[in-house]
Amino acid sequence: MTGDEFMDLIDQMRLAVLEEAPLLQLPRGSTDDPSGRHVVHGPFEPNDCSTVLLIWFDLGWIELYLPDMPTEWALTNAEWEARTAPGPN
């Protein structure tokens, strides 16, 4: 991967995080279409995406979260859900 390709990966991953995109979409890349120029980013290697996300996670720049669901949905919490809550530091 060249330096330009790496920076494109970082830029696209940052945008995906800000857009709260599902992680499975990251390796697919994306397409920008300003003025019909059809600029393609990626696809990216899943291992490269994973490496960047793990570094960001370890630095505390991103975290996993569960959105609040509407109470009228009456959802039952999954057993694993309690493990996602912040614990003692």
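Observations, loosely collected:
- Considering Leu23, Leu9, Leu64, Leu15, the condition of being surrounded by 10 or more Cβ atoms within 10 Å (Cβ to Cβ) and modelled with pLDDT under 85 is satisfied by Leu23 alone.
- Each residue in the range 1-32 was checked for being touching a His at 6+ places or on another chain (Cβ under 9 Å) and not in a helix (DSSP H, G or I), and 4 pass.
- Of the listed requirements (1) loosely packed, with under 10 Cβ neighbours inside 10 Å; (2) within 16 Å of the chain's Cα centre (by Cα); (3) of a type in the set (Gly, Ala, Ser); (4) assigned to a helix (DSSP H, G or I), Ser35 misses just one: (2).
- Being acidic (Asp, Glu), modelled with pLDDT of 85 or more and either surrounded by fewer than 10 Cβ atoms within 10 Å (Cβ to Cβ) or over 19 Å from the mean Cα position of the chain (by Cα) (or both) is a description that applies to Asp58.
- Just so you know, in the range 56-71 the residues that are of a type in the set (A, V, I, L, M, F, W, C) and not in a loop (DSSP other than H, G, I, E, B) include one that is nearest to Phe6 (Cα to Cα), and it is Trp56.
- Of all residues in the range 38-55, those satisfying the criterion of being in a helix (DSSP H, G or I) and either touching a helix residue (DSSP H, G or I) at 6+ places or on another chain (Cβ under 6 Å) or in contact (Cβ under 8 Å) with a residue 40 or more places away in the chain (or both) are Pro46, Asp48, Cys49, Val52, Leu53.
- Any hit, the range 75-84, residues being assigned to a loop (DSSP other than H, G, I, E, B) and not hydrophobic (A, V, I, L, M, F, W, C): yes
The values are calculated or read from the model by the stated rules, or taken from the named source; none is laboratory data. Fair warning: this is a prediction, and the values are worked out from it, not measured in the lab. Here Cβ is always computed from backbone atoms with ideal geometry, including for glycine, and neighbour counts include all displayed protein chains.
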